[in-house]
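What follows is one structure encoded as structure tokens, with my remarks underneath.
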Amino acid sequence: MWRVVLDNTALTSALLNPKGKPARLLDYALQGKLRLFITDRMLNREGKILRQKGLRLHLGMNDRDLSSFLADLPVLLCMVEGAGRRSTARAASSEAELLTCATKSRADFLVTSARSLLHNVPQFETRIVRADQLVRLLDHGV
């Protein structure tokens with residue numbers, strides 16, 4: 001079973017568009033074909049993203065429904081310990097947290113659309129891919 005980390009863009013897309021490629025990755029996780037990992041900080045960031053009025057309305061959820069939904073996400077997403085320190089640069093902090101999650105979970109794949117990550121990946125076995133690339137591999141039974 002592949003170990004996968006989704007960045008917040010992929011996770012948000014999966015939650016907002018149930019027919020998209022990132023959502024297929026959630027389906028594969030529910031089917032037991034892959035295991036998804038996240039840190040507390042990444043989950044909190046996802047909560048802040050989904051609490052934006054336009055996105056919350058798109059989901060058709062009030063604050064209480066959204067809080068319940070976010071509380072249930074760790075059932076699908078395996079929690080790993082995050083970076084543990086705050087950075088003053090938000091983008092750098094987000095990227096560091098994503099890479100920490102991939103490292104600590106020993107992820108096979110990191111799903112992102114951020115090209116900047118390609119230059120900062122430490123030498124470990126995680127492959128950086130887009131959601132459609134990983135779905136294609138899973139569809140072909142690789």
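Farthest toward the positive end of the dipole of the stretch 14-60, out of LEU15, GLY54, THR39, is the Cα of GLY54, where the dipole comes from beta carbon charges about the Cα centre. For ASN62 and THR9, the difference between the fully extended length at 0.36 nm per residue and the C-alpha to C-alpha distance is 16.9 nm. Under a Gaussian network description of the chain, with springs only between Cα atoms under 10 Å, the residue in ALA131, ALA96, ALA114 that fluctuates furthest is ALA114.
Placing dummy labels 7 Å off each Cα toward the beta-carbon, the span from CYS78 to ARG127 is 1.9 nm.
Would you mind classifying the chain by shape? Square roots of the alpha carbon gyration tensor eigenvalues, ordered a ≥ b ≥ c; an a/c under 1.5 is rounded, otherwise it is prolate if a/b is larger than b/c and oblate if not. List each step's numbers first, then the result.
Working: a/c = 1.65, a/b = 1.14, b/c = 1.45.
It comes out oblate by the Cα gyration axes.
Which whole-number value in Å² is the accessible area per residue of the stretch 1-103, probe 1.4 Å? Could you put the intermediate results ahead of the total?
Details: 5850 Å² over 103 residues.
Counting only protein heavy atoms, the per-residue value for the stretch 1-103 is 57 Å².
Treat every Asp and Glu Cβ in the chain as -1 and every Lys and Arg Cβ as +1, leave all other atoms uncharged, and give the resulting dipole magnitude about the Cα centre to the nearest 20 debye. Using Cβ point charges on Lys, Arg, Asp and Glu, the chain gives about 240 debye. Each label point was placed 7 Å from the Cα along the Cα-to-Cβ direction; for LYS33 and MET1 their separation is 1.4 nm.
Where is the GNM fluctuation largest for the chain (alpha-carbon springs, 10 angstrom cutoff): LEU70, LEU110, LEU25? Per the Cα network of the chain with a 10 Å cutoff, LEU70 tops the list.
Between LYS19, LYS104, LYS33, the Gaussian network model of the chain with springs among Cα atoms under 10 angstrom shows the greatest mean-square fluctuation at LYS19.
Straight-line reach from LYS33: which lysines have a Cα under 24 Å away, not including same-chain ones fewer than 8 places off? Candidates past the 8-residue exclusion: LYS19, LYS21, LYS104.
The values are calculated or read from the model by the stated rules, or taken from the named source; none is laboratory data. Please read these numbers as outputs of a predicted model, since none were measured by experiment. Methodologically, a virtual Cβ is constructed for each residue, glycine included, from the backbone with ideal geometry; neighbour enumeration extends over all protein chains shown. Keep in mind that these areas ignore ligands, DNA and RNA; they rest on the heavy atoms of the full protein, side chains included. Shrake-Rupley method; radii C 1.70, N 1.55, O 1.52, S 1.80 Å.
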